Amino acid sequence: MMQINKDKILIGVISDTHLPSRGSEIPQQIIKDFKDKNVDYIFHLGDFTTLETYNSLIENFDKDKIIAISGNMDNREINEKLPTEKELEILGHKIFLTHGSGGPYRIIERLNKSYNLSKYDIILFGHTHHPFKEERDGKLYLNPGTPTDKKFTDVNSYAFLEISKNKVNFEIKYI
C-alpha cells in the first residue's frame, strides 16, 4: 500500500511504448512534461517491449516513482520483473492497472469478464493504442493511448491523472 502524505497526487500515465520497434526512445516531450509538472508517480501500463525502456524511466525518475505492469508484447525479462496487473489505493480511490487484451472494441466488457472490477473506482488499461476516458457504472475507465505508434493509430498520446480525496481528473495530452 502506498503511503501518501499529500492532498493531491499527480500521475503521468503512458502505455504501449513498443520500443525499439516503434521508436528509439520515449519521446523527450513526455519526459520533460512529467519533470516540469513534477509528477508524483508514473504509471506505465505495459508493452514496453524491452527492459531497456523500463530502465530508461528509472534513469529519468526515482525508481519509487515508477509503477508498471507488463503487457502482451513484453519480452521475458519484463514479464519476470513486472506483474501483469496491480491494485492500489490513492487518497481513498481504489485503482486497478492492467494492460488489456483482444481487439480495441468492447475492451471494457472483456476487462469486466476477465477481472472482478466491482471494488475499484478507477481502471487504467492500455493495449488498444487509442486514448480513452469513460465513466460507466460509477467507475472511470482510462487509457492514455500510445506515445510512439503511428502504424496503427493516427494520434499519439499520453496522460495525466490527478487524484484528490474528492476529485479525479484524467487529461489526455496529444503529441
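List pairs: first in region 154-173 and farther than 25 Å from Arg22 by Cα and surrounded by 12 or more Cβ atoms within 10 Å (Cβ to Cβ), second of a type in the set (Val, Ile, Thr) and modelled with pLDDT of 95 or more, Cβ under 6 Å, 6+ apart or cross-chain?
Ile163/Ile9; Ile163/Ile90
Identify all residues within region 39-60 that are surrounded by fewer than 19 Cβ atoms within 10 Å (Cβ to Cβ), touching a Lys or Arg at 6+ places or on another chain (Cβ under 8 Å) and aliphatic (A, V, I, L, M); write none if there are none.
Leu51
Would you call Tyr141 of a type outside the set (A, V, I, L, M), closer than 17 Å to Leu88 by Cβ, part of a strand (DSSP E or B) and modelled with pLDDT of 95 or more? Show your work before the answer.
Working: of a type outside the set (A, V, I, L, M): yes; closer than 17 Å to Leu88 by Cβ: yes; part of a strand (DSSP E or B): yes; modelled with pLDDT of 95 or more: yes.
So Tyr141 fits the description; yes.
Every residue in region 39-53 that is under 17 Å from the mean Cα position of the chain (by Cα), outside any strand (DSSP E or B) and either at pLDDT 95 or above or of a type outside the set (Ser, Thr, Tyr) (or both), please.
Of all residues in region 39-53, those under 17 Å from the mean Cα position of the chain (by Cα) come to 39-51, 53.
This time we only want the ones that are outside any strand (DSSP E or B), so: 39-40, 45-51, 53.
Passing the criteria: Val39, Asp40, Leu45, Gly46, Asp47, Phe48, Leu51.
Considering only residues of region 24-38 that are touching a residue at least 12 places away in the same chain (Cβ under 8 Å) and in a helix (DSSP H, G or I), which is surrounded by the most Cβ atoms within 10 Å (Cβ to Cβ)? Steps first, please.
Let us first name the residues in region 24-38 that are touching a residue at least 12 places away in the same chain (Cβ under 8 Å), namely 25-27, 29-31, 33-35, 37-38.
From the residues that got through so far, the ones that are in a helix (DSSP H, G or I) too are 29-31, 33-35.
Working: Gln29: 13, Ile30: 22, Ile31: 17, Asp33: 16, Phe34: 24, Lys35: 12.
That would be Phe34.
Any chance you could count how many residues in region 98-134 are at pLDDT below 95, among the hydroxyl-bearing types (Ser, Thr, Tyr) and within 17 Å of the chain's Cα centre (by Cα)?
Matching residues across region 98-134 total 2.
Scanning region 4-40 for residues that are of a type in the set (Ser, Thr, Tyr) and touching a Pro at 6+ places or on another chain (Cβ under 8 Å), which turns out nearest to Pro104 (Cα to Cα)?
So in region 4-40, the residues of a type in the set (Ser, Thr, Tyr) come out as 15, 17, 21, 24.
Filter once more, so that each one left must be touching a Pro at 6+ places or on another chain (Cβ under 8 Å): 15, 17.
Values: Ser15: 14, Thr17: 17 Å.
Checking each candidate, the answer is Ser15.
The values are calculated or read from the model by the stated rules, or taken from the named source; none is laboratory data. What you are looking at is a predicted structure, and each value in this text was computed from that prediction instead of being measured. Positions of Cβ are backbone-derived with ideal geometry, glycine not excepted, and every protein chain shown enters the neighbour counts.
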